[in-house]
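The values are calculated or read from the model by the stated rules, or taken from the named source; none is laboratory data. Quick caveat, the model's predicted, so the values are computed rather than measured. Glycine gets a Cβ as well: all are built from the backbone with ideal geometry, and neighbour counts include every protein chain shown. These accessible areas exclude ligands, DNA and RNA; they are computed on the full protein's heavy atoms, side chains included. Shrake-Rupley method; radii C 1.70, N 1.55, O 1.52, S 1.80 Å.
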Amino acid sequence: MVYGLRCNFHGSQFINNSNRKEESGRASVELQERIRAIPIDRYRNFSIVAHVDHGKSTLSDRLLELTGVIQKGSKAQVLDRLDVERERGITVKAQTCTMLYNHKGEDYLLHLVDTPGHVDFRSEVSRSYASCKGALLLVDASQGVQAQTVANFYLAYSMGLRLIPVINKIDMDAADIPRSLDQIEHMFELDTSDVVKVSAKTGLNVEQVLPAVVEKIAPPSGIVDSRLRLLLVDSWYDNFLGVVCLVYISDGSLKKGQKIFSAHTDISYDVKEVGIMYPIPLKTDIITAGQVGYMVIGMKKSSEAHIGDTFFTVGQAGEPLAGFEEAKPMVFVGAFPADGVEFKVLDESISHLVLNDRSVTLQKETSTALGQGWRLGFLGTLHASVFQERLEKEHGASIIITAPTVPYRILYNDDTEKIISNPDDFPSVENRQKVSVLQEPFVEAIMTFPQEYLGRVIKLCEAHRGEQVEITYLTTGQVLLKYLLPMAQLVDDFFGRLKGLTQGYASLDYEEAGYRPSDLVKMELLVNGKGIDALAQVMHRSETVNKGKVWVSKFKEYLKYQLFEVVIQAKAGNKIMARETIKAKRKDVLAKLHAADISRRKKLLSRQKEGKKSMKSIGNIQIPQEAYQGFLSRAPTKKK
Ligand SMILES: Nc1nc2c(ncn2[C@@H]2O[C@H](COP(=O)(O)OP(=O)(O)OP(=O)(O)O)[C@@H](O)[C@H]2O)c(=O)[nH]1
């Protein structure tokens, strides 16, 4: 098998399901013997964490070359295997690779995890930390510490990982090594006396990275001669093998033929295959405590694989390992088949993709305007746009996506509460008196940018209902600003505006900060008095005037001429916020009339008026699907 073939989303370690016809390869006897001879105290499990684009995948390539896993000059970014990862240049899936490294005459077994930098895929990062004792904290010398460096640092630090700072891109003219060193020392209080400075691109000094890993990161703490205890880290579906599980062996060992059971479901399985990721799956006879590898146990459905589950040998139950917090979807959209696309076909494609991306939630939904569809939940807007792109590219599906919404919390007078992810479920004006409080989710946003933009960024945050938490002056003119912001503002292209204001210099990260009471209202778009359900949105009352105006004028653009008058209104609660009218396209009934024939002219005009009146009362506006599509279109942005 070859590297770099297309892979599925969740189990991108494997080649594309549809193309996959053969079994996984087998690790050579020599490789297996070399691994078996290494004691656990010479294992090192580590990840690479950094801000988006600081060079994690490029450094991973160099390390894989250095340890002979791949050949020099192989396809770039071996561990970014999804089409979407390669095309967008972002990592969305954490990837693991086993490496053998000889240090001072002794073999070490290394497990490298390349993690996504983007906040939407943070759950991938925290999951991968469970098997690691340390991480390389990579900082791009031309950019210095950025928002996601800070967020990823705190996540790794809170999980007790030993952090080794590495400065990357030192080959660039814009590289400012002293600035990065200063920031690492002041921000993270890390010792910078022996920081490794590399160019992952040219390979300069990369040979200094693994000695630091071996010397500074502790080995995993499992017991090899013990009962089996393994953690399910990830899973994916492979057409040839069925469900494949990525596992971390905490104690004991795992072999083909062993009978194991899940602590979560109590279902027992026969182990059919085990192996290592090198970086593709290679079958081995055994995987032992401290190793990260894969197992195939004949699970029928991906849903049987609970990420964070513990498995034991049948008859030898023990204490389950600490699992993972489930990733909660924070952005919801309605999805509907575009004209000419069959619901059934699209339903199959969506279900297939959801099976491979377990953090997407899916529910059927029906809209009077757009017909049968689905409500999909995502971890963030980038996650949503990656999903949509994969659906279109990999399944050739064309869909209409409604405006994203965040989950709102409704507290009722009878002490019950409801989280709603669909504007349709927002309490109607008549039911409003049953509600005691409306709440919306907030996040704590971390932003870094040059100090000269501080005034403008503060203004932007205040205009987006932000509440300042902290300003930290980093070295050399950089500022780190923390603000509490409504999650809905981030979804509504706050980052695009921030980038615009700072000429592209700002970076942003955020973490959830709970729900807060909010003056929320549902805004609807009415056409001749009738609400279009698919376009309704929940928002803060202060936004309704401006958005109302934008809505009506934008929708008017797409309706164009109508045979009779059309009134477009934006209504918030029971108040009309904005209105536009499309005048009827008048047929020239007087065209053939002589100018002097006044009485005949009056008669014809009054007859035309009557005719229109009846059309209006019985007329049903035909809204073309392009109108919805045009109204909802907005290019996705990539956050950095
Ligand atoms: N000049 C220079 N460019 C580099 C270096 N390392 C990485 N790059 C470039 O920086 C860009 C981003 O590199 P990646 O390795 O994809 O970064 P990443 O951190 O994995 O990105 P995400 O997965 O999206 O978080 C690519 O265009 C690389 O070629 C380096 O040492 N020098």
Worksheet item: Would you pick out the residues in the range 532-551 that are within 12 Å of GLY573 (Cα to Cα) and surrounded by fewer than 17 Cβ atoms within 10 Å (Cβ to Cβ)?
Response: ARG541
Worksheet item: Of all residues in the range 39-66 being open to solvent by 10 Å² or more (accessible area, probe 1.4 Å), outside any strand (DSSP E or B) and more than 16 Å from ILE167 (Cα to Cα), which is farthest from the ligand (Cβ to nearest atom)?
Response: PRO39
Worksheet item: So LYS393 fits all but one of (1) among the charged types (D, E, K, R); (2) surrounded by 17 or more Cβ atoms within 10 Å (Cβ to Cβ); (3) at pLDDT below 95; what number is the exception?
Response: (2)
Worksheet item: Residues in the range 200-214: is at least one open to solvent by 10 Å² or more (accessible area, probe 1.4 Å), more than 30 Å from LEU163 (Cβ to Cβ) and part of a loop (DSSP other than H, G, I, E, B)?
Response: no
Discussion item. Looking at the range 129-144, can you tell me whether even one residue there is in the same structural domain as GLN95 (by the TED database), of a type in the set (Phe, Trp, Tyr) and either within 15 Å of the ligand (Cβ to nearest atom) or within 27 Å of ASP251 (Cβ to Cβ) (or both)?
Written reply: yes
Practice prompt. For GLN439, state whether it is of a type in the set (S, T, N, Q), more than 21 Å from the chain's Cα centre (by Cα) and closer than 27 Å to GLN363 by Cβ.
Written response: yes
Response to the item:
Sole miss for VAL196 among (1) on the phi < 0 side of the Ramachandran plot; (2) not assigned by the TED database to the domain that holds ASP53 is condition (2)
Item to complete: Report, by residue number, each residue of the range 198-209 that is more than 10 Å from the ligand (Cβ to nearest atom) and touching a residue at least 40 places away in the same chain (Cβ under 8 Å).
Response: GLU207, VAL209
Worksheet, complete the sentence: Counting only residues in the range 276-318 that are open to solvent by 40 Å² or more (accessible area, probe 1.4 Å) and free of Cβ contacts under 8 Å to residues at least 60 places away in the same chain, the one nearest to PHE442 (Cα to Cα) is identified as SER303
Response to the item:
Considering residues that are in contact with a Pro (Cβ under 9 Å, 6 or more places away or on another chain) and among the hydroxyl-bearing types (Ser, Thr, Tyr), the number found within the range 305-330 is 1
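Evaluate the range 264-271: report whether one residue or more is open to solvent by less than 50 Å² (accessible area, probe 1.4 Å) and touching a Leu at 6+ places or on another chain (Cβ under 9 Å).
Yes: the range 264-271 contains one or more residues that are open to solvent by less than 50 Å² (accessible area, probe 1.4 Å) and touching a Leu at 6+ places or on another chain (Cβ under 9 Å).
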Practice prompt. Restrict the check to the range 343-355 and report whether at least one residue is open to solvent by 40 Å² or more (accessible area, probe 1.4 Å) and under 27 Å from PHE495 (Cα atoms).
Written response: no
Worksheet item: Within the bounds of the range 350-365, is there any residue that is under 15 Å from GLY334 (Cα atoms) and among the basic types (Lys, Arg)?
Response: yes
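Being in contact with a Ser or Thr (Cβ under 8 Å, 6 or more places away or on another chain) and part of a loop (DSSP other than H, G, I, E, B) is the requirement here; does ASP182 meet it?
Spelling it out, it is not the case that ASP182 is in contact with a Ser or Thr (Cβ under 8 Å, 6 or more places away or on another chain) and part of a loop (DSSP other than H, G, I, E, B).
Being within 12 Å of the ligand (Cβ to nearest atom), touching a residue at least 12 places away in the same chain (Cβ under 8 Å) and assigned by the TED database to the domain that holds GLY73, is that true of even one residue in the range 174-191? Steps first, please.
At the first step, the residues of the range 174-191 found to be within 12 Å of the ligand (Cβ to nearest atom) are 174-175.
Next, from what is left, pick out any that are touching a residue at least 12 places away in the same chain (Cβ under 8 Å): 174-175.
From what is left, the residues that are assigned by the TED database to the domain that holds GLY73 are 174-175.
For the range 174-191, residues within 12 Å of the ligand (Cβ to nearest atom), touching a residue at least 12 places away in the same chain (Cβ under 8 Å) and assigned by the TED database to the domain that holds GLY73: present.
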Worksheet item: Do any strands (runs of 3 or more DSSP E) entirely within the range 346-413 hold 2 or more residues that are touching a residue at least 60 places away in the same chain (Cβ under 8 Å) and not charged (D, E, K, R), and if so, which?
Response: 399-401
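Is there a residue being at pLDDT 90 or above and within 27 Å of the chain's Cα centre (by Cα) anywhere in the range 490-502?
At the first step, the residues of the range 490-502 found to be at pLDDT 90 or above are 498.
Pick out the ones that are also within 27 Å of the chain's Cα centre (by Cα) and you get 498.
Yes, there is a match, as at least one residue in the range 490-502 is at pLDDT 90 or above and within 27 Å of the chain's Cα centre (by Cα).
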